[in-house]
Amino acid sequence: MNSNDLFVRLAPWIYTVVMFLLWEAAVWLFNIPPFFLPPPTAIARAFVDFWGPIYRHSLYTLSTTMIGFGMAVGFGLLLGLLVGWSRSIYAGLYPLMIGFNAIPKVAVVPILVLWFGIGFVPAVLTAFLISFFPIVVNVATGLATIEPELEDVLKALGASKLDIMRKVGIPRTLPYFFGSLKVAITLAFVGSVISESIASNYGIGTLMLQAQAQFQVPLIFAGLIALAFEGIVMYWAMAVLEARMTGWAQRSGFAQA
Amino acid sequence: MVSAFVALDGVSHAYGARGGSGGTLAVDGLTISVNVGEFCAVVGPSGCGKSTLMKLATGLQFPFKGTVRIAGQVISQPVKIAGMAFQAPTLLPWRTTLDNLLLPLEIVEPHRSEIRRRKADYVARAEQLLTSVGLQGQGSKFPWELSGGMQQRTSLCRALIHEPQLLMLDEPFAALDAFTREELWCVIRDLHAARKITVILVTHDLREAVFLADRVFVMSARPGRVLVERPIELPRPRDLDVTFTPGFQDIVSELRSHIVRARQ
C-alpha cells in the first residue's frame with residue numbers, strides 16, 4: 001500500500017475531524033452563544049450526560065426505520081418488476097406514482113395517526129412511503145434498458161418473456177436495485193423521524209422535540225449526530241451489500257484516481 | 001432443384017403505424033430465397049432495411065404484406081432454430097464466457113430440460129466450440145476481460161452452441177480492426193463448412209460478402225428490395241489470398257457499382 005492509498009483510507013476520518021475542529025473554532029472565534037449553535041465539545045458532553053435516553057431512542061428509530069425500509073424493499077422490488085414487465089402497467093401506474101411521490105410525507109402523517117394512532121405504526125409507514133419510490137424507479141429502469149439485440153437473440157431461441165426476465169432482466173437490474181437501496185435507506189430515516197417528531201412518544205424525533213421544549217440545544221444536536229451516525233452505518237451496509245452482489249458492474253476506474 | 005430453406009415472398013414491412021402500410025416502409029416487395037446449407041450475404045446502402053430483413057426472417061417481426069416461410073412453414077412466431085450475432089457482442093457481464101455460451105442451452109428445448117442432468121456434456125461441448133474459434137482456456141474469464149475480437153468470437157459461439165439450422169449475422173465484424181476481422185472471416189468460413197448450416201450475413205463490407213458467400217443480394221435504398229442477385233462461383237475452400245486476385249476484385253467492384261447506383 002503506498003501513501004496515497006493510505007490517505008484515501010484515512011480520508012473519511014480526517015475530513016470528519018477537520019469539520020468538527022472548524023466548527024469548534026468558529027463557535028469560539030465568533031463567540032456564538034451555545035443555545036444558538038453549541039460547539040462539538042458541548043454536544044459530546046450531552047452525549048455523555050444523556051447516553052441512556054439517546055441510546056434507547058436511537059434503537060427505537062433504527063427499528064421503525066428498518067421495518068419501513070424492509071417493506072419498501074419488498075414492495076418496491078415487486079412494483080418495479082411489474083412496471084418494468086409491461087408497457088401498459090408502466091403507462092398506467094407511473095403518473096400515479098409520481099403524483100404520490102410529490103406529496104410531502106409530512107402531510108400524510110396526520111392521516112396515518114388518524115388510522116393507526118400515534119407511535120410505532122405511523123413511523124414505520126412513513127419510512128416505507130418515503131423510501132419505496134426510488135427502488136421502483138430504479139428496478140423499472142433496469143428492466144427498460146435491456147439491449148434490444150440481446151432480447152432478439154433470446155427471442156430467436158424461442159425464449160418466453162419470463163425467460164428473458166429471469167436470464168437477463170433481473171440480473172442486469174440488480175446494480176440499479178442495490179444502488180437505489182443506498183438512496184432509500186437514508187430517505188427511510190427522514191420518514192421515521194418526521195413521523196416521530198409529529199406523533200410519537202419514542203424515537204430520536206421525539207427526543208429532539210422534547211430537548212427543544214426544554215431548551216437543551218446540545219441535546220438536539222446530539223440527536224442529529226446520532227441520526228447521521230445511524231444513516232452512515234446503514235448506507236455503508238447497503239454499499240457493502242451492493243459491492244458483494246454486483247461486483248461485475250463496478251469495474252470502472254473512474255473515481256479511483 | 002434444391003428446396004428453399006428461408007423464403008421471403010413479396011414482403012413489405014413498415015415501422016411506425018403499427019405494422020400497417022401507413023408508416024415508413026422499411027422493405028417493399030422483398031423477395032429472397034436461401035437454400036439449405038447456403039451462405040448468403042445481403043449488402044446495400046445504409047438504411048436499406050437489412051436489419052429488418054433479419055427480423056423478418058427470424059419471426060421477430062411480421063410483414064403486413066407477403067409471406068415469410070422457413071422450411072416450408074409460414075412463420076407466425078419467433079423461430080426457435082436461429083442463432084444470431086450482432087455488431088455488439090451483447091454478452092452478459094455477470095456471466096463467465098463459458099456461462100454465456102450455455103445461455104441458449106438454458107432456453108432451447110430439448111437442452112433446457114436436460115441441462116441440469118447433462119451439464120458436464122454441455123460444458124465439454126462449449127469448451128470444444130471455444131477451442132474451435134481459438135479461445136481455449138478462456139471460458140472462466142468474464143467478457144470484459146476479453147478483447148473486442150475475443151468477445152465477438154464468444155458471441156459467435158453463443159449463436160452456434162445449440163446447433164441451429166439458421167445463423168443470422170448482422171454486421172458481426174463491423175466493430176473490429178481489419179486483421180481481426182479477416183481472422184474471424186476464416187472462423188466463420190470453417191464453421192459453415194464443418195456444420196453445413198444456412199447462414200444469412202448482413203454486411204456493409206463487400207469484400208467480406210464476396211469472400212464468404214455463395215450468393216450476394218444487393219438491396220436498394222429504402223424501402224429495400226433486391227436489385228441484384230449475384231452468385232459467387234469462387235471455388236471452396238477459399239483462402240484469404242483469393243481476396244487479392246483480379247477475379248475477386250472484379251466481383252467486388254461490380255457489386256460496388258450496383259450500390260453506388262442504388263444510393264442515387
Point to revise | Accessible solvent surface per residue of the range B:40-188, calculated while the other protein chains remain in place, 1.4 angstrom probe, Å² | key: 40
Revision key, fill the gap. Computed over all unlike Cα pairs, the Kirkwood hydrodynamic radius of the range A:136-247 in Å stands at 16.9
Point to revise | DSSP beta bridge pairing in the protein assembly as shown, given as percent antiparallel to the nearest 5 | key: 55
Review point. Where does each of B:Arg117, B:Arg238 land when they are ordered by accessible area, with a 1.4 Å probe and the largest first?
Key: B:Arg117, B:Arg238
Review point. So, with +1 on the Cβ of K and R and -1 on the Cβ of D and E, and no other charges, what is the size of the charge dipole of the range B:141-264 about its Cα centre, to the nearest 20 debye?
Key: 400
Exercise for review: Using only Cα atoms, figure out Rg for the range A:83-213 and give it as a multiple of 2.2 N^0.38 Å.
Suggested key: 1.39
Exercise for review: Taking only the C-alpha atoms, wrap a convex hull around the range B:84-144 and report its volume per residue in Å³ as a whole number.
Suggested key: 96
Point to revise | Extension reserve of the A:Arg45-A:Ala11 stretch, reckoned as 0.36 nm per residue once the Cα distance is removed | key: 9.7 nm
Revision key, fill the gap. Answer in debye to the nearest 20: the dipole magnitude of chain A about its Cα centre, from +1 Lys/Arg and -1 Asp/Glu charges placed on Cβ, is 320
Revision key, fill the gap. Relative to chain B, whose Cα atoms define the longest principal axis, helix B:246-263 and its Cα axis are tilted in degrees, nearest 10, by 60
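What's the total accessible area buried between chains A and B, using a 1.4 Å probe, rounded to the nearest 100 Å²? If you can, show how the numbers build up before the last one.
On the way: alone 15040 and 12450 Å², together 25530 Å².
What A and B bury together is about 2000 Å².
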Study note, to complete from the structure: By the DSSP-based rule, helices of chain A that are at least 20 Å long along the axis (C-alpha) and have a mean Kyte score of at least 1.6 are A:120-144, A:217-245
Practice item. Normalise the Debye intensity by I(0) for the protein assembly as shown, one equal point scatterer per Cα, no solvent, then take log10 at q = 0.08, 0.11 Å⁻¹ and round to two decimals. Key: -0.70, -0.99
Exercise for review: Determine the dipole magnitude for the range B:2-124: charges of +1 sit on the beta-carbon of Lys and Arg, -1 on that of Asp and Glu, nothing else is charged, the reference point is the Cα centre, and the result goes in debye to the nearest 20.
Suggested key: 280
Check your understanding: When chain B is treated as a GNM, springs tying every alpha-carbon pair under 10 Å, which of B:Val133, B:Val123, B:Val199 comes out with the largest mean-square fluctuation?
Key -> B:Val123
Point to revise | On Cα atoms only, tilt of B:119-132 relative to the major axis of chain B in degrees | key: 60
Check your understanding: What is the distance, in nm, between label points placed 7 Å from the Cα along the Cα-to-Cβ direction at B:Glu114 and at B:Ala194?
Key -> 2.0
Revision key, fill the gap. Two pseudo-spin positions, 7 Å from Cα along C-beta at B:Ser132 and at B:Gln77, lie apart in nanometres by 2.9
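Do you know the relative contact order of the range B:1-158, to the nearest whole percent, from alpha carbon pairs under 8 angstrom that are 6+ apart?
20
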Check your understanding: Starting at 0 and stepping by 10 Å, how many percent of the alpha carbon pairs of chain B end up in each bin?
Key -> 7, 29, 35, 22, 7, 0
Review point. Per residue of chain B, what 222 nm ellipticity follows from adding -39500 (n - 2.57) for every DSSP H run with n ≥ 4, rounded to the nearest 500?
Key: -10000 deg cm²/dmol
Revision key, fill the gap. Rounded to one decimal in nm, the spacing of the 7 Å Cα→Cβ label points at A:Met245 and B:Thr245 is 6.0
Exercise for review: Pop out a list of residues from the range B:85-115 that are at least 50 Å² less accessible with all the protein chains around than in their chain alone; 1.4 Å probe, no ligands or nucleic acids counted.
Suggested key: B:Phe86, B:Thr90, B:Trp94, B:Ile107
**Study point:** Per residue solvent-accessible surface (Å²) - the range A:1-146, probe of 1.4 Å
**Key:** 59
Exercise for review: Take the Cα atoms of the range B:132-260, build their convex hull, and give its volume per residue in Å³.
Suggested key: 127
Practice item. Report, in degrees rounded to the nearest 10, the 0 to 90 angle that the Cα long axis of helix B:148-160 makes with the longest principal axis of chain B. Key: 90
Exercise for review: Have a look at the DSSP beta bridges in the range B:150-264 and tell me what percent are antiparallel, nearest 5.
Suggested key: 50
Review point. So how much accessible area does A:Val27 have, in Å² to the nearest 10, using a 1.4 Å probe?
Key: 10
Point to revise | Interface residues, the range A:114-156 - accessible area loss of 50 Å² or more versus chain alone, probe 1.4 Å | key: A:Glu149, A:Leu150, A:Asp152, A:Val153, A:Ala156
Study note, to complete from the structure: Ranking A:Leu93, A:Phe178, A:Leu129 by how far each Cα lies towards the positive end of the charge dipole of chain A (+1 on Lys and Arg Cβ, -1 on Asp and Glu Cβ), the top one is A:Leu93
Exercise for review: Mind pulling up the Rg/Rh value for the range B:36-177? Radius of gyration and Kirkwood radius, both on Cα.
Suggested key: 0.99
Study note, to complete from the structure: Plugging the Cβ-Cβ distance of A:Phe75 and B:Ser257 into 1/(1 + (r/R0)^6) at R0 = 56 Å yields, to the nearest 0.05, a FRET efficiency of 0.35
Check your understanding: Which lysines, on any chain, are close to B:Lys65 with Cα under 16 Å apart, when same-chain ones fewer than 8 places away are left out?
Key -> B:Lys55
Exercise for review: Check the straight Cα-Cα distances from A:Lys182 and name the aspartates and glutamates below 17 Å, setting aside those fewer than 8 residues away within the same chain.
Suggested key: A:Glu230, A:Glu242
Exercise for review: For every helix of n ≥ 4 consecutive DSSP H residues, a contribution of -39,500 (n - 2.57) applies; sum these over chain A, divide by its total residues, and give [θ] at 222 nm rounded to the nearest 500 deg cm²/dmol.
Suggested key: -26500 deg cm²/dmol
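The values are calculated or read from the model by the stated rules, or taken from the named source; none is laboratory data. Worth saying up front: this structure is predicted, and the values here are computed from it rather than measured. Note: ideal-geometry Cβ built from the backbone for every residue, glycine included; neighbour counts use all protein chains shown. Just so you know, the surface numbers come from the protein's heavy atoms only, side chains and all, with ligands and any DNA or RNA stripped out. Shrake-Rupley method; radii C 1.70, N 1.55, O 1.52, S 1.80 Å.
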